[in-house]
1. Assess whether B:V254 counts as being away from every other protein chain (no Cβ under 14 Å), crowded, with 22+ Cβ neighbours inside 10 Å and over 17 Å from B:L65 (Cβ atoms).
2. Any residue that is in contact with a strand residue (DSSP E or B) (Cβ under 9 Å, 6 or more places away or on another chain), loosely packed, with under 14 Cβ neighbours inside 10 Å and either under 21 Å from B:G153 (Cα atoms) or among the hydroxyl-bearing types (S, T, Y) (or both) - is there at least one of those in segment B:45-64?
3. Just the residues that are more than 14 Å from chain B (Cβ to nearest Cβ) and loosely packed, with under 13 Cβ neighbours inside 10 Å, please, taken from segment A:44-62.
4. If you check B:A178, B:A183, which single one turns out to be within 14 Å of chain A (Cβ to nearest Cβ), buried (at least 21 other Cβ atoms within 10 Å of the Cβ), part of a helix (DSSP H, G or I) and out of contact with any Cys (no Cβ under 9 Å at 6 or more places or on another chain)?
5. All but one of (1) within 14 Å of chain A (Cβ to nearest Cβ); (2) in contact with a helix residue (DSSP H, G or I) (Cβ under 6 Å, 6 or more places away or on another chain); (3) modelled with pLDDT of 85 or more; (4) surrounded by fewer than 23 Cβ atoms within 10 Å (Cβ to Cβ) hold for B:A197, so report the exception by its number.
6. Just to be sure, is A:L128 within 14 Å of chain B (Cβ to nearest Cβ), free of Cβ contacts under 8 Å to residues at least 60 places away in the same chain and part of a helix (DSSP H, G or I)?
7. Using beta carbons and a limit of 6 Å, which pairs, at least six apart or on different chains, have the first residue in segment A:16-35 and acidic (D, E) and the second one outside any strand (DSSP E or B)?
8. Spot the failing condition for A:V168; the list is (1) in contact with a helix residue (DSSP H, G or I) (Cβ under 6 Å, 6 or more places away or on another chain); (2) within 22 Å of A:Y107 (Cα to Cα); (3) not basic (K, R), and only one is missed.
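The values are calculated or read from the model by the stated rules, or taken from the named source; none is laboratory data. What you see is a predicted model, and the numbers here were worked out from it, not measured in a lab. With ideal geometry, Cβ positions are generated from the backbone for all residues, glycine too; neighbour counts draw on all protein chains shown.
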Amino acid sequence: MDKIVIEHLTLTYPSGTESLKDINLKIPANAITVLFGPAGGGKSSLLRCLNRLNDLVQIQTLTGSIFLDGENILDPKMDVIALRRRVGIVFARPVVLPTSIRGNLTYGLELANEKRKSRLDEAVERGLKLSALWDEVKNRLDDPAIALSGGQQQRLCLARVLANQPEVILLDEPTSGLDPISTGKVEAALQELKKDYTIILVPHSVQQAARTSDYAAFFLQGELVEYAQGKDLFTHPKIKRTEDYIEGRFG
Amino acid sequence: MKRSLSWSETLITAVVKTCGYSAVVFVLLIFFFLLREGVPALGEVKLSELLSTRWYPIENHFGILPLITGSIIVTLGAMLIAAPFGIGTAVFLSEISPRWLREILKPLVELLGGLPSVVLGFLGILILAPFLRTFLNLPTGLTALAGALLLGGIAVPTIVSIAEDALDAVPQSYREGALALGATKWQTIWRVTLPAARSGVLTALMLGIGRTIGETMAVMMVTGNAPVMAIKLSSILAPVRTMTATIAAEMGEVANGSTYYHVLFFIGLVLFVISLAVNIIASSVVFRSKTRAERVLS
């Protein structure tokens, strides 16, 4: 089942650079789709379109449509706040809010006016367990979140998104600043999570793309070059440019 | 070659050092001068007399309480007006208004801060006071309220300018983080951006208070200058006299070295101590929040 359908999406910035050129992409539910390619390829721009965070930056033109469960989210009448609750995002650099570990987890729910303590506690535990952080922090939930290590902070950000119970999780190079062990923990958590969520990941290396992907899309200078199941694309790429990139001949 | 270089180096260091130390020395000298001229008042007038409620120096009544309360009520009133306005404007400029509008409005607001207060006092006498008199049906428009409104207007540019800088310095990633969790614009401002800029905003408020309590010309022109106790709520609609206005208005008429002269300096001393206290409280609040963050980060 396709959770997200992108049709003829074109995005340009005021500087004149075309960031996305006529992108057509179908992203299936309950799988990890990776968007990979060299820097400046439009991966992050696409990711930010998916929960309308690009509303915050200056954009020259944005045409085409993105359907989430059949509903065009680029429609100006779209309720952006509700959309962002359904489509969560984890950034490359963890942004922990200046409060306790628990406070970070309950923040999104409190914004949505959830006040029942049992619900909040439940969400804290669920989020932390899903992101494989629970055992490390369960005895110090009221400590300041900023005291956690980088890897723990990143999983906290993931947990915070999960506490909101989204449908889609966007991850923009979530492990770029992490050591291999923490990276392994995050990737393992993602493999568990895909049973219940649609996951779109911009990996920080081709190796990670190959390791984690169910589906993979190769972006080059704003174009979607090739899109296929991960196991096919990384072993038998159909297009020369994809092959060159995967094998490290450029980029 | 090497020798001349080290020589010029020494000279420049000495000059810079002199500048730095002299700033401290000047403040100390001012303080000692105030002490020398003001403290004798304590010997010449009984403390109970100084703390009485009657200011009538011609007949040797030197109660400075009406002046202190006058200053406080005007300052409080001004801050009640300036704080919400100033922070609101700063939030608008930094978070809501489009960039081009901000580029126009911020310099304009800062320009307002440079307006001589005498000019504002003029406007206060000609426009504000008559308006208050007819609008609120008072015997006179020259009241604490007029002073508070005017001083509020004077403090707003200071508050806006500094608070806006603080808000602008909050990393964009904080806002994105909150918005990505489904926060509305207002929730982001109120629960993430403002708390993150807290110390800068507090500094802005404290500098606003400093500006208000030390202001002389505008208040002297519009508060009516009646030295009566301002401790009731209704005092805001009555004339008051502030410490600054008293010094400015009466210093020119006293005999050098007289009791009256010493008491005026004593008022200056009180003013000095109050603004020092405001500054110390401000910096300790800012300092404390900083050390907490540092402790957590380490």
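1. It is false that B:V254 is away from every other protein chain (no Cβ under 14 Å), crowded, with 22+ Cβ neighbours inside 10 Å and over 17 Å from B:L65 (Cβ atoms).
2. Within segment B:45-64, one or more residues are in contact with a strand residue (DSSP E or B) (Cβ under 9 Å, 6 or more places away or on another chain), loosely packed, with under 14 Cβ neighbours inside 10 Å and either under 21 Å from B:G153 (Cα atoms) or among the hydroxyl-bearing types (S, T, Y) (or both).
3. Within segment A:44-62, just A:T61 meets the criteria.
4. B:A178
5. Here B:A197 clears every test but (4).
6. So A:L128 fails the test.
7. A:E18/A:G222
8. The single condition A:V168 does not satisfy is (1).
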